[in-house]
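Peer 1: Structure provided below as structure tokens; questions to follow.
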Amino acid sequence: MPEMNDYILVTPAKNEEEILDKCIESVASQIKLPSLWVIVDDGSDDGTPEIIQKASSRYQWIKSVRLGPSKRDLGAHYSYVCIEGFKAATDICSRENIDYRFIALQDADIVLPTNYYEYLIEKLVQYPSFGILSGSTTCLVNDKFICPDQSEKLPSGAARVWRKECFEETGGYIPAFAPDSVSNIKAKLKGWSIRRCSEISFVQLRETASAKGLWNGWASIGKRNYYLGFPLYFAFMKALKHSVRPPFYLGAAYLSGYFSFLLKGKQIQEKDILHYYRHMRPKELIRKK
């Protein structure tokens, strides 16, 4: 059995019986295994709990947390589920004297190459200024591999690793509608370097934001963008971009979510994060084009 290593991993899971086995297999096949992996079952009503129980019986470093019934939610509830996982993981580490230097978060629909965590952790060790790293995303859609637009400047939320000091200095994983985006900018504002490494990629077994259907997923993206502070002109540009190619309704779905939060005034209250996403991030994306 491969040697244990000094990172802990958290995965939220909601009704993932069709793909969770693949996720578990890919983590169990890592060259660098986690010292602890907490899988948080968010009140699943399918075979997800049994899959997690089977995995935890097979691997002593897999632990499970079971939450009460809830609807699938890509917004603030997602951060709550992850926070419960991080709390459980740190409690277990404290009780069992498990030491760790890095903290990882991986969604349940992700399959990794065997050297994924080895590669990212070696980068973190080599470059002490890095606070958060991830690989790049490849989506499996209709049996085809698709590489969505993504920036090397901002790590993915789907399979990322924090340096422990960075995680703690930025307040950990906070309750927010877009917790990964908030975490990225908090790290940058604290002086940490962050990066999405194009040299290594993971596979997402479904299209981004499609777990509840693409309309709901893109409405959620619109909500997140308003919540973070993206300006109205940027929202219209993004909607237009996704209205001229199939499926043509994505732009409308995105705007429906954006305006629903605009009308309710649901926006993050931290001025430094609002300033970044209102003024700096749109310019970065436009220059990239």
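Peer 1: Report in % the part of the accessible area of the chain that belongs to carbon and sulfur, leaving out ligands and nucleic acids; probe 1.4 Å.
Peer 2: Carbon and sulfur together cover 53 percent of it.
Peer 1: Still on this structure: Please report, in whole Å³, the volume per residue of the convex hull around the C-alpha atoms of the stretch 63-194.
Peer 2: Value for the stretch 63-194: 137 Å³ per residue.
Peer 1: Still on this structure, I have one more. Could you please tell me the mean projected area of the C-alpha convex hull for the stretch 158-216, averaged over all directions and given in square nanometres to one decimal?
Peer 2: Average of the hull's projected areas for the stretch 158-216 equals 5.2 nm².
Peer 1: If I fit a long axis through the Cα atoms of helix 48-58 and take the longest principal axis of the Cα atoms of the chain, what angle between them do I get, 0 to 90°, rounded to 10?
Peer 2: Relative to the chain, helix 48-58 is tipped by roughly 30 degrees.
Peer 1: Can you say what percent of the DSSP beta bridges in the chain, counting only those with both residues inside, are antiparallel? Round to 5.
Peer 2: Looking only at bridges with both residues in the chain, the antiparallel portion is about 35 percent.
Peer 1: If you don't mind, there's one more thing I want to ask. May I ask which of LYS186/LYS271; LYS14/LYS188; LYS87/LYS190; LYS238/LYS271; LYS188/LYS271; LYS14/LYS54 have a Cα-Cα span longer than 20 Å here?
Peer 2: The pairs that break the limit, which is 20 Å between Cα atoms, are LYS14/LYS188; LYS87/LYS190; LYS238/LYS271.
Peer 1: How fast does the stretch 179-244 diffuse by Stokes-Einstein, in µm²/s, taking the Kirkwood radius from C-alpha pairs at 37 °C and 0.692 mPa s? List each step's numbers first, then the result.
Peer 2: Numbers: Rh = 14.3 Å.
Translational D for this selection: 230 µm²/s.
Peer 1: Can I ask one more? Mind listing the long-range amide H neighbours of CYS197? Cut-off is under 5 Å, sequence gap 5 or more, other chains count too, H placed in the peptide plane at 1.01 Å from N.
Peer 2: Amide H neighbours of CYS197, under 5 Å, 5+ apart: SER134, GLY135, SER136.
Peer 1: In the stretch 115-165, which GluC sites (Glu not before Pro) fall in coil by DSSP and have 16 or fewer other Cβ atoms within 10 Å?
Peer 2: GLU152
Peer 1: Another one. Of all the C-alpha pairs in the stretch 202-278, what % are more than 21 Å from each other?
Peer 2: That fraction is 29 percent.
Peer 1: What do the square roots of 5 times the Cα gyration tensor eigenvalues come to for the stretch 1-150, in whole Å, largest first, as semi-axes of the equivalent ellipsoid?
Peer 2: In descending order the semi-axes read 23, 21, 16 Å.
Peer 1: Using a 1.4 angstrom probe, figure out how much accessible area the chain has per residue, in square angstrom, rounded to the nearest whole.
Peer 2: Solvent-accessible surface per residue comes out at 47 Å².
Peer 1: Continuing with this model, one more query. Work out Dmax and Rg for the chain from the C-alpha atoms and quote the Rg first, both in angstrom.
Peer 2: 18.4, 55
Peer 1: Which aspartates and glutamates have a Cα lying under 14 Å from the Cα of LYS22, excluding residues fewer than 8 positions away in the same chain?
Peer 2: Cross-link targets: ASP107, ASP109.
Peer 1: Which one of SER193, SER29, SER64 has the biggest mean-square fluctuation once the chain is modelled by GNM with Cα springs under 10 Å?
Peer 2: SER29
Peer 1: While we're looking at this one, here's another question. Please list, short to long, the whole-number percent of alpha-carbon pairs of the stretch 118-252 in consecutive 5 angstrom bins beginning at zero.
Peer 2: 2, 9, 17, 20, 20, 16, 10, 5, 1
Peer 1: Which sequence of TRP192, TRP215 reflects their accessible areas, 1.4 Å probe, from the largest down?
Peer 2: Most to least solvent-accessible, the answer reads TRP215, TRP192.
The values are calculated or read from the model by the stated rules, or taken from the named source; none is laboratory data. The model shown is predicted, which means the values in this text are computed figures rather than measured ones. Every residue, glycine among them, receives a Cβ derived from its backbone with ideal geometry; neighbour counts consider all protein chains shown. Keep in mind that these areas ignore ligands, DNA and RNA; they rest on the heavy atoms of the full protein, side chains included. Shrake-Rupley method; radii C 1.70, N 1.55, O 1.52, S 1.80 Å.
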